[in-house]
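Have a look at the structure below, then the notes.
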Amino acid sequence: MDQDEALTTVDNIVTQFNTYEDFLDSQITTLDLYYLEDEGLARQLVELGYRGTGEVVKREDFEARKAAIEIARLAERTQKKTLTSAGKDLHDNFLKALAVREEDNRSGKSVIFIRDKNSHGQEVSGYIDYAHRLKTEDFEVYFSGKKRLLPRPTDMSFYNWDSHIAVWNSTPNYQVIADNPEGLLFKYKRDRKILNVDPKAQPGDNSTRSPILTELYTQVVIFDHVSRRKT
């Protein structure tokens, strides 16, 4: 791996994880904890390169890049940004709900469940990391009504009810727990709190579940999470 590739790898990891400990934890398996019975020891072994399921990144490299990215981010914040939803004439409750949450989700907060039909007439549903989508695409087309926001196979979860294709993906903000007996769960990476999306269960600590009455979709639910972790 050359220097540019190594730097790109570190940048991707720094962007995905809030702390170096979060990165180490992502490399630890359930089997590791079972045999070692010590999370601290498991972290040390990953840091030294003896255990783990991915890239080995030194603590000093992680923290140096984290600081550099944060400085660049603070510099960018000095230039006032206009929200994508600002000035839009929004009539539907769902678009209004997205607009209210847009600023908060610049740092990660909401999970959106959508069920509706795609352009092929197939029923699809899934959970969307709102903050991640905001960072990776322009929401102008959604707030202006040019396109409808629908789940994709790259989102936190995606299910096509016609083809029965099911996909799960962790995001920079949430870890997907798909093999849980209680059903699909999401763990917020910043404070490690669990979000339970089962409508018959409580959503979890610091989380709320808000069904949205909308004329644009068959069903919409927004889960809002407030992280209590100090940064």
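The values are calculated or read from the model by the stated rules, or taken from the named source; none is laboratory data. Quick caveat, the model's predicted, so the values are computed rather than measured. Positions of Cβ are backbone-derived with ideal geometry, glycine not excepted, and every protein chain shown enters the neighbour counts. These area figures cover heavy atoms from the full protein model, side chains too; ligands, DNA and RNA do not enter into them. Shrake-Rupley method; radii C 1.70, N 1.55, O 1.52, S 1.80 Å.
Average accessible surface for region 93-225: 50 Å² per residue, computed with a 1.4 Å probe over protein heavy atoms with every protein chain in place. Is the shape of region 160-208 rounded, prolate or oblate, going by the alpha carbon gyration tensor and its root eigenvalues a ≥ b ≥ c, with a/c under 1.5 for rounded and a/b larger than b/c for prolate? In terms of gyration-tensor shape, oblate.
With an a/c value of 1.5 or above and a/b not larger than b/c for the gyration tensor axes a ≥ b ≥ c computed over the alpha-carbon atoms, region 78-231 is described as oblate.
Charges at C-beta only: +1 for Lys and Arg, -1 for Asp and Glu. How large is the resulting dipole of region 173-231 about its Cα centre, in Debye rounded to 20? Could the numbers behind the result be given before it?
On the way: 10 positive and 7 negative charges, 95 e Å.
With Lys and Arg at +1 and Asp and Glu at -1, about 460 debye.
For region 108-196, the dipole from Cβ point charges (+1 on Lys and Arg, -1 on Asp and Glu) about the Cα centre works out to 320 debye, to the nearest 20.
Tell me, what % of the accessible area of region 93-225 is carbon and sulfur with a 1.4 angstrom probe?
Numbers: 3290 of 6690 Å².
In region 93-225, the share of accessible area belonging to carbon and sulfur is 49 percent.
Summing charges over all other residues whose Cβ lies under 12 Å from the Cβ of Ser157, with Lys and Arg as +1 and Asp and Glu as -1, gives 0.
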